[in-house]
């Protein structure tokens, strides 16, 4: 099957690694959030693009889920001697990626072209593309004023209360070449278990993408990033609560109701399946926590199985599939 995936960083990369292990990764297209991108120390940095690429390229730090494995930080320490900020961790080998990206962009290459050349250099067969070639910046409104997302998350450790979220530049952005085609031609579309507000939200804010997903709603499956109302990674639960949203599987379902036909939730949240069904969505219950490679493969297989069921369900002459599916994890 041809699969298109909407992805943030660390949480998404776990599922993507599982998918790359259980399917022909050449049939996988990953559309990555670039709302987290920032310019720092004269360099253009794309954190989520790099996390996804490093993970699928087999070089990511397994302990953190970002950066290179066994990385050193001499460059950052030397910058600090000169009085430069070091709150954003740039590793020495990671630095080469940012230097290359910055140089290529200054020569006139697009972000999509640079992302493709980096993934090819790392031997990644899946297609990896930014949501847009135009800059879109996720800005967090807090009691401390408006902050770039990286300042909020990394520098201030997500401590300020979130009052509003704005995607600066989204109105003028266009989907990167190939994004809409990937969504239109995919057999199934996966919304990875990323923060729905600040990882998936920026992608949906690019004109044309949300509309494309609405047209394929019956082929879209989202993996809930919350288990028991808590984030497994990052501040999703806290941000949702601060924004007046319900931090639960049902709360995530409401955010995706217009674009997603199926929501994969953890067995812990199976009692919420009827509420999700009431929104006109299918609820698939299964293990969604991904700590080991085995876990990632198991969840990926469950996602592909659910997509296969959706494909069968939408074929003419087939009976309706039960809206609540209880799935067992498989090896």
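The values are calculated or read from the model by the stated rules, or taken from the named source; none is laboratory data. The shown structure was predicted, so the numbers you read here are calculated from the model rather than taken from an experiment. Here the Cβ is made from the backbone with ideal geometry for all residues, glycine too, and neighbour counts use every protein chain on show.
Which residue, of 327, 312, 300, is modelled with pLDDT under 95 and under 14 Å from residue 223 (Cβ atoms)?
327
Scanning segment 1-29 for residues that are closer than 16 Å to residue 288 by Cβ and either part of a helix (DSSP H, G or I) or at pLDDT below 95 (or both) turns up 10, 11, 12, 13, 14, 15, 16, 17, 18, 19, 22.
Counting only helices (runs of 4 or more DSSP H) that fall entirely inside segment 66-164 and contain at least 2 residues that are surrounded by 15 or more Cβ atoms within 10 Å (Cβ to Cβ) and free of Cβ contacts under 8 Å to residues at least 12 places away in the same chain, no element qualifies.
Inspect segment 192-208 for any residue being assigned to a helix (DSSP H, G or I), farther than 30 Å from residue 306 by Cβ and in contact (Cβ under 8 Å) with a residue 24 or more places away in the chain and give the result as yes or no. No, that holds for no residue. Restricting attention to segment 13-32, the residues being buried (at least 23 other Cβ atoms within 10 Å of the Cβ) and under 16 Å from residue 183 (Cβ atoms) number 4.
Taking the conditions exactly as written (modelled with pLDDT of 95 or more, touching a helix residue (DSSP H, G or I) at 6+ places or on another chain (Cβ under 8 Å) and part of a helix (DSSP H, G or I)), does residue 212 satisfy them or not? Yes; evaluated as a whole, the condition is true for this residue. Report yes if residue 42 is at positive phi and out of contact with any helix residue (DSSP H, G or I) (no Cβ under 9 Å at 6 or more places or on another chain), otherwise no. It is false that residue 42 is at positive phi and out of contact with any helix residue (DSSP H, G or I) (no Cβ under 9 Å at 6 or more places or on another chain). Looking across segment 231-256, the residues that are more than 18 Å from residue 163 (Cβ to Cβ), surrounded by 19 or more Cβ atoms within 10 Å (Cβ to Cβ), out of contact with any strand residue (DSSP E or B) (no Cβ under 7 Å at 6 or more places or on another chain) and touching a residue at least 60 places away in the same chain (Cβ under 8 Å) come down to 232, 234. Scanning segment 32-60 for residues that are part of a loop (DSSP other than H, G, I, E, B) and either over 14 Å from residue 136 (Cβ atoms) or more than 12 Å from the chain's Cα centre (by Cα) (or both) yields a total of 7. If you check 319, 251, 280, which single one turns out to be at pLDDT 95 or above and more than 27 Å from residue 180 (Cβ to Cβ)? After applying the criteria, what remains is 251. When residue 211 is tested against (1) free of Cβ contacts under 8 Å to residues at least 12 places away in the same chain; (2) on the phi > 0 side of the Ramachandran plot, just one condition goes unmet, and that condition is (2). Does residue 183 meet the test of being in contact (Cβ under 8 Å) with a residue 60 or more places away in the chain, part of a helix (DSSP H, G or I) and crowded, with 17+ Cβ neighbours inside 10 Å? Taking the combined requirement at face value, the residue satisfies it. Residues that are part of a loop (DSSP other than H, G, I, E, B), closer than 27 Å to residue 10 by Cβ and in contact (Cβ under 8 Å) with a residue 12 or more places away in the chain within segment 277-291 comprise 281, 287, 288, 289, 290, listed in sequence order.
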